[in-house]
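First up is the structure itself, then whatever we jot down about it.
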Amino acid sequence: MPNENPLISVVIPVHNEEENLERLYTRLTTTMDELGKPYEIIFTNDGSKDRSEAILQKLHEQRPQQIRVIHFNGNFGQHMAIMAGFARVRGKYIVTLDADLQNPPEEIPKLIEKMEAGHDVVGGYRQDRQDRWWRLFVSKTHNIIRAKIAPSLNMKDQGCMLRAYSRRIVDLMVASEEATTFIPALALTYATNPAEVGVAHEAREAGESSYNFYKLVRYNFDLVTGFSLVPLQMFTMIGMVVSLLSTLFVVFLFIRRIVVGPEAAGLFTLFAILFFLIGIVLMGLGITGEYIGRIYQEVRKRPRFVIREVLDKAHEDHAANTTSTTSEETAA
């Protein structure tokens, strides 16, 4: 199908997925062809060190009018890879999909059906998740924290990247130009009629996940600190309560010294209280640092990502035709 005016754009970030790309291509194109709607696929190579670049070149050559490839000159992260794709989409409906095949591309028609029903954001939530226990634990814990801290971000599964967005929502996200962001949450802040749909989830058959425990924690910090001031407000309240209790404790010790007299006992209790207060202060400094770090990243105005190369046959043909037409008009 020609992609002059694709209805659907599928954006896929890729980082070291050489073992999955060809199977992803086969399953995705089969699904989209059967869907029978004009589409395009945009792969963003996020600094892969394996054979992903060569495989993406091959896939582009197989369908140069439908498949476009963006090559970063380094690793800028999954969300920046998606944002680079968002900046170049042509479709009315934009679908994001991971390259690891844990979210089956065969589930995309479910999201498109919801979009055509009038929703501007459709989030997928993973049914019967096939992940390791510690990933499930982190996800469930963070869902609880997110629901308390940012109740307006009503998501059953913030970690599922199989999602669909209207072109208006995508354009707004691209225009925001945030240095660090959390795409599903950012989309919900602009949405007027969001929806969710259950999608299948498969165990990873090949390759290794790019998200280790530390990256998952950082990923969740981006969500919390990027869309809520509750952590800062909670620390302020904790600081006030601790200060009040500390004052009352000092008054108690002063009165006790007058009534009972000085004593050496209780020294370790005082140390324990001191360590507790120091812990509170350090925790508060860490939370404050997260917000200051985000401000620092925004104000320094460095590029969010650097593109080394774009494989876009359709754009090249369009530019060539435009140049040819202009030359003919000038000659005439």
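If a residue has to be of a type in the set (Ser, Thr, Tyr) and either in contact with a Pro (Cβ under 8 Å, 6 or more places away or on another chain) or modelled with pLDDT of 85 or more (or both) to count, how many in region 154-189 make the cut? Spell out how you get there, then give the answer.
Just the residues of region 154-189 that are of a type in the set (Ser, Thr, Tyr), to begin with: 165-166, 176, 180-181, 189.
Okay, now just the ones that are also either in contact with a Pro (Cβ under 8 Å, 6 or more places away or on another chain) or modelled with pLDDT of 85 or more (or both), so 165-166, 176, 189.
Looking only at that region, the number is 4.
Collect the residues in region 7-24 that are in a helix (DSSP H, G or I) and closer than 15 Å to residue 95 by Cβ, keeping them in residue-number order.
Of all residues in region 7-24, those in a helix (DSSP H, G or I) come to 21-24.
Selection gives 24 alone.
Given (1) modelled with pLDDT of 85 or more; (2) under 15 Å from the mean Cα position of the chain (by Cα); (3) not in a helix (DSSP H, G or I), identify the lone condition not met by residue 198.
(2)
Which condition from (1) at pLDDT 95 or above; (2) within 23 Å of residue 17 (Cβ to Cβ) is the one that residue 64 breaks?
(1)
So which residues in region 92-107 are under 19 Å from residue 193 (Cα atoms) and either within 20 Å of the chain's Cα centre (by Cα) or of a type in the set (Gly, Ala, Ser) (or both)? It would help to see each step written out before you state the result.
If we filter region 92-107 for residues that are under 19 Å from residue 193 (Cα atoms), which is where we start, we get 92-96.
Residues satisfying the conditions are 93, 94, 95, 96.
Within region 292-314, identify whether any single residue is assigned to a helix (DSSP H, G or I), modelled with pLDDT under 70, of a type outside the set (Val, Ile, Thr) and within 30 Å of residue 57 (Cα to Cα), and answer yes or no.
So far as region 292-314 goes, yes, one or more of its residues are assigned to a helix (DSSP H, G or I), modelled with pLDDT under 70, of a type outside the set (Val, Ile, Thr) and within 30 Å of residue 57 (Cα to Cα).
Taking the criterion of being among the basic types (Lys, Arg), in contact with a helix residue (DSSP H, G or I) (Cβ under 6 Å, 6 or more places away or on another chain), on the phi < 0 side of the Ramachandran plot and outside any strand (DSSP E or B), would at least one residue in region 79-96 satisfy it?
Residues of region 79-96 among the basic types (Lys, Arg): 88, 90, 92.
Imposing the further condition that a residue be in contact with a helix residue (DSSP H, G or I) (Cβ under 6 Å, 6 or more places away or on another chain) reduces the set to 92.
In the following step, the residues that additionally are on the phi < 0 side of the Ramachandran plot were identified as 92.
Remaining after also requiring outside any strand (DSSP E or B): 92.
Yes, that holds for at least one residue.
In region 104-124, which residues are assigned to a loop (DSSP other than H, G, I, E, B) and either among the charged types (D, E, K, R) or surrounded by fewer than 20 Cβ atoms within 10 Å (Cβ to Cβ) (or both)?
Going residue by residue through region 104-124, those that are assigned to a loop (DSSP other than H, G, I, E, B) are 104, 117-120.
Passing the criteria: 104, 117, 118, 120.
Considering each residue of region 67-84, count those that are under 15 Å from the mean Cα position of the chain (by Cα) and under 22 Å from residue 19 (Cα atoms), and give that number. Working first, answer last.
Narrowing region 67-84 to residues under 15 Å from the mean Cα position of the chain (by Cα): 75-84.
Then drop every residue that is not under 22 Å from residue 19 (Cα atoms), which leaves 75-79, 81-82.
Looking only at that region, the number is 7.
Identify the residue in region 46-65 that is of a type in the set (Asp, Glu) and not in a loop (DSSP other than H, G, I, E, B) and, among all such residues, is nearest to the chain's Cα centre (by Cα). Spell out the reasoning first.
Within region 46-65, the subset of a type in the set (Asp, Glu) is 46, 50, 53, 61.
Going one step further and asking which of them are not in a loop (DSSP other than H, G, I, E, B), we end up with 53, 61.
Values: 53: 22, 61: 29 Å.
Top of the filtered list is 53.
Only one of these conditions is not met by residue 54: (1) within 27 Å of residue 181 (Cβ to Cβ); (2) surrounded by fewer than 21 Cβ atoms within 10 Å (Cβ to Cβ); (3) among the aliphatic types (A, V, I, L, M). Which number is it?
It is condition (1) that residue 54 fails.
Which of the residues belonging to region 167-185 are in a loop (DSSP other than H, G, I, E, B), of a type in the set (Asp, Glu) and touching a Phe, Trp or Tyr at 6+ places or on another chain (Cβ under 9 Å)?
Applying the first criterion (in a loop (DSSP other than H, G, I, E, B)) to region 167-185 yields 177-182.
Still in the list and also of a type in the set (Asp, Glu): 177-178.
The answer is none; no residue qualifies.
Which one is surrounded by the fewest Cβ atoms within 10 Å (Cβ to Cβ) among residues in region 164-180 that are touching a helix residue (DSSP H, G or I) at 6+ places or on another chain (Cβ under 6 Å) and not aliphatic (A, V, I, L, M)? Working first, answer last.
So the first thing to find is which residues in region 164-180 are touching a helix residue (DSSP H, G or I) at 6+ places or on another chain (Cβ under 6 Å), and the list is 164-165, 169-170, 172-174, 179-180.
After this cut, where a residue has to be not aliphatic (A, V, I, L, M) as well, the list is 165, 180.
Numbers: 165: 31, 180: 17.
Per the criteria, the residue is 180.
The values are calculated or read from the model by the stated rules, or taken from the named source; none is laboratory data. Keep in mind that this is a model prediction, so the values were computed, not measured. Backbone-built Cβ (ideal geometry, glycine too); neighbour counts: all protein chains shown.
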